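As structure tokens, the structure follows; a few thoughts come after it.
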Amino acid sequence: MSTEQTSPAPTLAEDDVDLIETTSDASLERTQRRSDAIEREIGEDPTRFRILTGDRPTGNLHLGHYFGSLLNRVRLQDAGVETWVLVADYQVITDRDGVGPIRERVLSLVADYLAVGIDPQRSTIFTHSAVPALNQLMLPFLSVVTDSELRRNPTVKSELEATGDRAMSGLMLTYPVHQAADILFCKANLVPVGKDQLPHLEQARVIARRFDERYGRAGDGSRPVFPRPEALLSNAPNVLGTDGQKMSKSRGNAIELGMDADTTAKLLKRAVTDADRHITYDPVLRPEVSNLVLLTALASGRRPEDVAAEIGDGGAATLKKAAIEAVNDMLAPVRARRAELAADEGYLLDVLRRGNEHANAVAEATLSEVRQAMHMVY
Ligand code: TRP
């Protein structure tokens, strides 16, 4: 090991530039260009990339998740990219008083994953709570961030505002650091994200760099322990709930993957529309109608403009009928598979056990490099 242990902490002013930069237009454009280039690189050689994504197990996945992220994960997995999918069970306790029916939710999430085509032979599905070495990375990582930069993190800020006067837990404040551990423990070099999550990824990049500068390197000292993960920006269409608002379980506007066809039909029949019988696709001026058109188009593999033109003067009732049919047809095989999986708890647990085993092996190898870099091998 040739690395000096006493290197000074990087000046924060310098790092702040990175964190603030992620939200500027120029930086977003750069990230988009890089993301487009990465898409091409995946086409040429998918084995150069390792992806980590995940979800908090807070409820059943819905069509917003399906079109927004699940299809993309399956696409990347099928393209041959090494894929890690985290069931972020410890993240649940950042924003809740208790864990709720966590076991059911975790198993339900795993059933959702498998039903949409995440393949446990090719992808590693695992949980926070079963991987101690991942969580241990929190300690060195926390040492390279400041509380003021965490307080400026846009998500932490908005969570703080959303919880009103309630005190913020230490875990909520530091959850971007925990997410950095999620990404870095397995040395993922690519994270599929929406624009709003870029500050998280930047935090992980900053942590990877500061760890390298402050603590040292792996092996003979020639390579950083952690890669600097990059963003794969999602160009997924934004599917809204049946009321034209963001789709979410708590709003009662979500079509869950596991719902039955009748409940789906009922929800879509109640969907908000407008008074103009002539159906068009105009997401800005007619968000509710356009969302139903978009749902129909996505579910049936057509262009929204074509769906709208086909319905024409048929009005909202015809549109809803088309949406119900398209969504139920598309989800029928997913639901059948999901029902089978949900009935086989032993299998779901087995998938998790194998995923957790793999995650533990990789996390321990990384932690051992961290100990070496930090001169803490005894
Ligand atoms: N924050 C994500 C969610 O709310 C879950 C998550 C935890 C995650 N760690 C991550 C996503 C790391 C991507 C990368 O569902």
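Odds and ends about this structure:
- Residues of region 49-66 that turn out to be polar (S, T, N, Q) and buried (at least 22 other Cβ atoms within 10 Å of the Cβ), as a count: 1
- Criterion violated by Met172 - all others in (1) at pLDDT 95 or above; (2) over 21 Å from Ser24 (Cα atoms); (3) buried (at least 17 other Cβ atoms within 10 Å of the Cβ) satisfied: (1)
- Among the residues making up region 49-66, those that are within 9 Å of the ligand (Cβ to nearest atom) and among the hydroxyl-bearing types (Ser, Thr, Tyr) are Thr53, Thr58.
- Members of region 37-48 that are more than 28 Å from Ala88 (Cα to Cα) and either within 16 Å of the ligand (Cβ to nearest atom) or open to solvent by 60 Å² or more (accessible area, probe 1.4 Å) (or both): Arg40, Gly43, Glu44
- Test: residue in region 198-205 that is buried (at least 22 other Cβ atoms within 10 Å of the Cβ) and in a loop (DSSP other than H, G, I, E, B): no
- In region 1-54, the residues that are over 24 Å from the mean Cα position of the chain (by Cα) and at pLDDT 95 or above: Glu44
- Matching entry among Tyr378, Tyr347 (being surrounded by fewer than 20 Cβ atoms within 10 Å (Cβ to Cβ) and outside any helix (DSSP H, G or I)): Tyr378
- Residue in region 156-166 that is touching an Asp or Glu at 6+ places or on another chain (Cβ under 9 Å), more than 14 Å from the ligand (Cβ to nearest atom) and open to solvent by 10 Å² or more (accessible area, probe 1.4 Å) present: yes
- Residue list for region 187-213, restricted to those being within 27 Å of Ala361 (Cβ to Cβ) and either over 14 Å from the mean Cα position of the chain (by Cα) or more than 11 Å from the ligand (Cβ to nearest atom) (or both): Lys187, Asn189, Gln203, Ala204, Arg205, Ile207, Ala208, Arg209, Arg210, Phe211, Asp212
- Scanning region 67-80 for residues that are away from the ligand (no atom under 14 Å from the Cβ) and either surrounded by 22 or more Cβ atoms within 10 Å (Cβ to Cβ) or of a type outside the set (A, V, I, L, M, F, W, C) (or both) turns up Arg75, Gln77, Asp78, Gly80.
- Residues of region 330-371 that turn out to be touching a helix residue (DSSP H, G or I) at 6+ places or on another chain (Cβ under 7 Å) and charged (D, E, K, R), as a count: 4
The values are calculated or read from the model by the stated rules, or taken from the named source; none is laboratory data. The model shown is predicted, which means the values in this text are computed figures rather than measured ones. Every residue, glycine as well, gets a Cβ built from its backbone with ideal geometry; the counts of neighbours run over all protein chains shown. When the accessible area is computed, the model is the full protein with side chains, heavy atoms only, and any ligands, DNA or RNA have been set aside. Shrake-Rupley method; radii C 1.70, N 1.55, O 1.52, S 1.80 Å.
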